[in-house]
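*Asks:* Before we start, here is the structure in question, set down as structure tokens.
Throughout, read-outs are computed from the coordinates displayed, never taken from laboratory work. Since the structure is predicted, the reported quantities are computational estimates derived from the model, not experimental observations. Here the Cβ positions follow ideal geometry from the backbone for every residue, glycine too, while neighbour counts run over all protein chains shown.
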Protein chains: 2
Amino acid sequence: MLLRKHSKPSAKRQRNPKHTRECLLQAAFQEVYKSGFQSAGLDTILAATGVTKGALYYHFDGKEALGHAIVDEVIAVMTRDKWLLPLLGGGDPIETLINIVRATSLRPEAVRGGCPLNNLAQEMSPLDEKFRKRLARVFQVWQEGIATALRRGQTQGTVRRDLDPDETSSFLIAVYEGYISLAKNAQDVNVLKAGIRNIVGWLRSLRVPGSSTD
Amino acid sequence: MLLRKHSKPSAKRQRNPKHTRECLLQAAFQEVYKSGFQSAGLDTILAATGVTKGALYYHFDGKEALGHAIVDEVIAVMTRDKWLLPLLGGGDPIETLINIVRATSLRPEAVRGGCPLNNLAQEMSPLDEKFRKRLARVFQVWQEGIATALRRGQTQGTVRRDLDPDETSSFLIAVYEGYISLAKNAQDVNVLKAGIRNIVGWLRSLRVPGSSTD
DNA sequence: CACTACATACATACTGGTCGGTATGTTGCT
DNA sequence: AGCAACATACCGACCAGTATGTATGTAGTG
């Protein structure tokens with residue numbers, strides 16, 4: 001992932017701060033995803049991008065700030081795109097959730113790597129309060145997004161009225177993250193596949209009996 | 001946790017290899033639980049036990065071997081005592097599972113710390129294959145223990161026949177670990193309490209309708 | 001429009017501390 | 001005596017962070 005990858009076609013562009021910053025962020029995310037935050041080496045990130053240490057410390061105050069930016073500008077965006085935006089559509093939230101869960105990547109490196117959000121949370125939450133708060137915020141937005149969609153489904157008549165949207169939302173996140181963790185440790189895509197099947201089955205049980213087909 | 005804590009009453013005992021080893025293991029477990037394996041410092045462990053580096057390297061080949069021993073001799077034992085042994089009793093497995101889940105520690109440091117097994121698995125599985133295999137073995141024994149108990153419940157007539165014991169067992173582990181992770185990041189006992197409530201509710205739904213009370 | 005001046009955007013070399021590991025010495029137990 | 005069970009001192013690699021130098025874009029001025 002060299003710098004000049006998306007640079008303007010005009011030969012070798014030299015200064016492009018936005019692009020440099022973005023490259024660093026993406027490479028840092030990859031390295032952190034692969035090795036964990038503490039084991040992530042700045043030199044590895046620099047080697048992957050072709051950026052030098054001076055540039056990195058120009059754009060970020062240090063490793064910690066780089067980690068914070070990964071949470072705010074990469075992980076939060078991924079969660080938004082994958083979960084929140086689809087749920088804002090007007091369709092049946094249960095169906096949307098099933099589709100989202102089913103869209104979970106089954107690629108070996110994704111199974112091996114687990115969930116970037118949960119990975120960072122598990123590693124850093126007990127060690128660094130600033131990290132924890134940022135990650136907790138992502139979890140919160142995620143949970144509220146699902147809960148809001150479920151509430152909408154309840155007023156639309158597709159979601160059972162007897163269940164608490166907030167608790168149901170948390171339950172879904174817990175099972176989902178739990179299965180991803182199990183599959184990551186087992187390093188077995190079948191664990192994840194079975195998990196998705198069971199989650200989908202559970203999601204179906206949230207519908208009012210005799211609602212939309214699937 | 002000084003060495004002479006449980007030493008024989010006869011004043012200052014000096015040589016006690018079994019005891020020394022056990023002290024190191026426990027202190028190492030605590031330190032790893034607190035800081036993660038990679039951030040765990042040998043010096044911290046030595047300071048906590050009063051043991052010197054020479055003794056540590058006499059009993060263990062190095063940090064990695066110490067970590068392996070933690071998995072095999074501490075975490076595996078904890079899982080066995082908390083989950084497997086109770087499930088070997090002849091009672092209703094659902095009731096036993098409910099009791100086990102309800103017995104989850106709500107102490108702040110337990111909420112903050114999360115599940116030792118899952119912590120290590122999340123951190124080390126992608127980095128070290130030897131670690132991963134040992135941890136996967138613990139997960140497997142855990143999962144099989146629950147599944148076996150569920151099967152027994154099915155033949156005894158207390159557990160619904162229509163559900164797959166293996167998949168149900170994995171589902172339980174996934175939700176349980178998931179909620180513990182969420183509570184760890186949120187640093188909120190109430191997240192864990194709500195999780196336990198919901199897990200218990202789900203566990204009840206596994207019984208054949210009109211079975212034992214609770 | 002040319003020329004300067006300054007802030008931005010990098011590059012390079014080095015440092016200081018941490019920490020796992022080791023080499024070697026010493027003491028207690030049988 | 002001799003091996004097991006430690007104790008002490010030290011090493012060297014790794015790595016985040018920094019000090020300092022350099023080049024590029026750009027705004028302001030006559």
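*Asks:* On alpha-carbon atoms, Rg over Rh for region A:1-151 using Kirkwood Rh?
*Replies:* Rg divided by Rh gives 1.02.
*Asks:* Right, something else. Which residue, A:Pro86, A:Pro17, A:Pro165, tops the fluctuation ranking in a GNM of chain A built on C-alpha contacts under 10 Å?
*Replies:* Taking springs between Cα atoms under 10 Å, the residue moving most is A:Pro17.
*Asks:* Which distances in nm, rounded to one decimal and ordered from shortest, link the label point of B:Ala47 to the equivalent label points in the other identical copies, with labels set 7 Å from Cα toward Cβ?
*Replies:* Its label point is 3.3 nm from the equivalent points in the other copies.
*Asks:* Once you have the Cα-Cα distance between B:Leu127 and B:Arg204, take 0.36 nm times their residue separation minus that, and quote the gain in nm to one decimal.
*Replies:* Using 0.36 nm per residue and subtracting the Cα-Cα distance, I get 23.9 nm.
*Asks:* What whole-number distance in Å separates the alpha-carbon centres of region A:166-196 and region B:112-131?
*Replies:* Measuring centre to centre over Cα atoms gives 16 Å.
*Asks:* Same structure again: Quick one: with label points 7 Å out along Cα→Cβ, list the inter-copy distances for A:Lys130 in nm, shortest first?
*Replies:* Ordered by distance, the counterparts are at 3.6 nm.
*Asks:* Along the Cα→Cβ direction, 7 angstrom out, place labels at B:His19 and A:Glu167. What is the inter-label distance in nm?
*Replies:* According to this spin-label approximation, the distance is 5.0 nm.
*Asks:* At B:Met78 and A:Thr44, where each label point lies 7 Å from the Cα along Cα→Cβ, what is the point-to-point distance in nanometres?
*Replies:* 2.7
*Asks:* Now a separate question. Give the nm distances, rounded to one decimal, from A:Asn190 to the matching residue in every other copy, measuring between label points 7 Å along Cα toward the beta carbon; shortest first.
*Replies:* Values, ascending and in nm: 4.3.
*Asks:* Another one. Starting from the Cα of A:Lys133, draw a straight line to each of the aspartates and glutamates and keep only those under 18 Å, dropping any in the same chain fewer than 8 residues away.
*Replies:* List returned: A:Glu64, A:Asp72, A:Glu73, A:Glu123, A:Glu144, B:Glu109, B:Asp188.
*Asks:* For region A:70-214, calculate the relative contact order in percent as a whole number, restricting contacts to Cα pairs under 8 Å that are 6 or more residues apart.
*Replies:* It rounds to 32 percent for region A:70-214.
*Asks:* I would also like to ask the following. Determine the relative contact order of region B:146-213: mean sequence separation of Cα pairs under 8 Å and six or more apart, normalised by residue count, in whole percent.
*Replies:* 35 percent.
*Asks:* Thinking of region A:70-214 as a set of Cα atoms, what percent of all their pairs are more than 21 Å apart?
*Replies:* Percentage above 21 Å: 45.
*Asks:* What's the minimum Cβ distance from chain A to the axis relating it to B, in whole Å, and which residue gives it?
*Replies:* Spelled out, residue of A and its Cβ distance from the axis onto B: A:Gly178, 2.
*Asks:* I need the helices of chain A that pass two filters: whole DSSP H segments spanning 27 Å or more by Cα along the axis, and mean Kyte-Doolittle score no lower than 0.0.
*Replies:* A:165-186
*Asks:* Over the protein assembly as shown, what number does the Rg to Rh ratio reach, with both radii from the alpha-carbon atoms and Rh per Kirkwood?
*Replies:* On the Cα set of the protein assembly as shown, Rg over Rh gives 1.01.
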